[in-house]
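Heads up: the structure comes next, in structure tokens.
The values are calculated or read from the model by the stated rules, or taken from the named source; none is laboratory data. Here the structure is a predicted model, which is why all the values come from computation and not from measurement. A quick note on method: Cβ atoms are made from the backbone with ideal geometry, for glycine too, and the neighbour counts reach across all protein chains shown.
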Amino acid sequence: MSAEVCAPVSCVTLTSKMSEEANENPPERILDPKDRAMEKAAEFRMHAELAAVFEGVRKFDARLRQDFDPDLARDVQRMVGKLEKAKVPNTPVIDPSAAESAAALLKMPETNDLATMDYHIHHRPGETMIVRWLAGDEVEVFYDRLQAHFDATLAGFREEQRSALAWKQDAKTNAFLDAMDALDVKLAERYLREPIRQHKLFVMSIQTADELNIAYLADFIMQVPAEDLVGKASAPPDEPTEQDLAWFFKMFLIRGEVDGIERMCFFTYLQKSEDSAW
């Protein structure tokens, strides 16, 4: 496991809701120790996903490409929107009737001469779209990094909780600590990697945040100036307020196998205003 991983300590400093579509309205307080442990695991998984998707610049020399064709960016946005509507209800699986569209999206680097690994950016004042494709071995690296981020965060939390809570010696606390120790989360399974390969499925998962701290994403995870990510007109000032840093965030992860090659597409929509087109 690589030691260079991002812990989610401050990721949601400005996030009033960070959720996945399958769990949009979690209860405010979960009392069952096993449920509490699973809730923490879901939180750590979302942070691991954020880190694994956006660490490419600092970790793998991926480039921020500001020359992404606006028409092509809008085409990607429309394709993602249609695939979202084509999901089988209450699952991340895209209906087979939309398989051709999903394959076309995943093959766009080949059909449009676009680099994989890099971040293709199109922004307007108050709005940014970021698209990243992975293929072949790049997908393998993504899953390795995703698991590494998750495992490191989980291990740190376990140690912290044992130090902070073990002295209480009450049954509920001990049950929670035991539930945390018992967690064994294999994210490749959670992301349906094997069914994708075996059954040629196309899968889409979605992560949203009402207010994501843009400085955390740019400065900490990506280690790039926020201006490079969202454009000069929308970048926070030198002494930003919380409102200056708050962006609506929605990220789509589309996965599948096309022409015998495992592929991924990450489409991220960021909007400075309170209302979102999504």
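Brief remarks on what is shown
- Flag if residue 80 is in a helix (DSSP H, G or I), hydrophobic (A, V, I, L, M, F, W, C), in contact (Cβ under 8 Å) with a residue 40 or more places away in the chain and within 21 Å of residue 227 (Cβ to Cβ): no
- Failed item in (1) more than 20 Å from the chain's Cα centre (by Cα); (2) part of a helix (DSSP H, G or I); (3) in contact (Cβ under 8 Å) with a residue 40 or more places away in the chain; (4) surrounded by 15 or more Cβ atoms within 10 Å (Cβ to Cβ), with residue 217 passing the rest: (1)
- Selected residue [in contact with a Lys or Arg (Cβ under 6 Å, 6 or more places away or on another chain) and at pLDDT 95 or above] from 271, 223: 223
- Selection of first residues in segment 180-201 that are in contact (Cβ under 8 Å) with a residue 12 or more places away in the chain and of second residues that are β-branched (Val, Ile, Thr) and assigned to a helix (DSSP H, G or I), restricted to Cβ pairs under 9 Å at least 6 apart or on distinct chains, gives the following pairs, ordered by first then second residue: 193/139.
- Among residues of segment 83-121 being in contact (Cβ under 8 Å) with a residue 24 or more places away in the chain and among the small types (Gly, Ala, Ser), the one that is nearest to residue 218 (Cα to Cα) is 115.
- The listed residues are 67, 75, 71, and the only one of them that is assigned to a loop (DSSP other than H, G, I, E, B) and without any contact (Cβ under 8 Å) to a residue 12 or more places away in the chain turns out to be 67.
- Residue check for residue 163: surrounded by fewer than 16 Cβ atoms within 10 Å (Cβ to Cβ), of a type in the set (Ser, Thr, Tyr) and not in a loop (DSSP other than H, G, I, E, B): yes
- Subset of segment 122-173 [within 22 Å of residue 253 (Cα to Cα), touching a residue at least 40 places away in the same chain (Cβ under 8 Å) and out of contact with any strand residue (DSSP E or B) (no Cβ under 9 Å at 6 or more places or on another chain)]: 143, 145, 146, 147, 148, 149, 150, 151, 153
- Identity of the residue in segment 139-160, out of contact with any Lys or Arg (no Cβ under 8 Å at 6 or more places or on another chain) and of a type in the set (Val, Ile, Thr), that ends up surrounded by the fewest Cβ atoms within 10 Å (Cβ to Cβ): 141
- Scope segment 119-139; condition among the charged types (D, E, K, R) and under 10 Å from residue 263 (Cα atoms); matching residues: 137, 138
- Filter result (of a type outside the set (Phe, Trp, Tyr) and surrounded by 14 or more Cβ atoms within 10 Å (Cβ to Cβ)) within segment 64-81: 64, 65, 72, 73, 75, 76, 77, 79, 80, 81
- Residue 224 vs. criteria aliphatic (A, V, I, L, M), in contact with a His (Cβ under 6 Å, 6 or more places away or on another chain) and closer than 15 Å to residue 268 by Cβ: no
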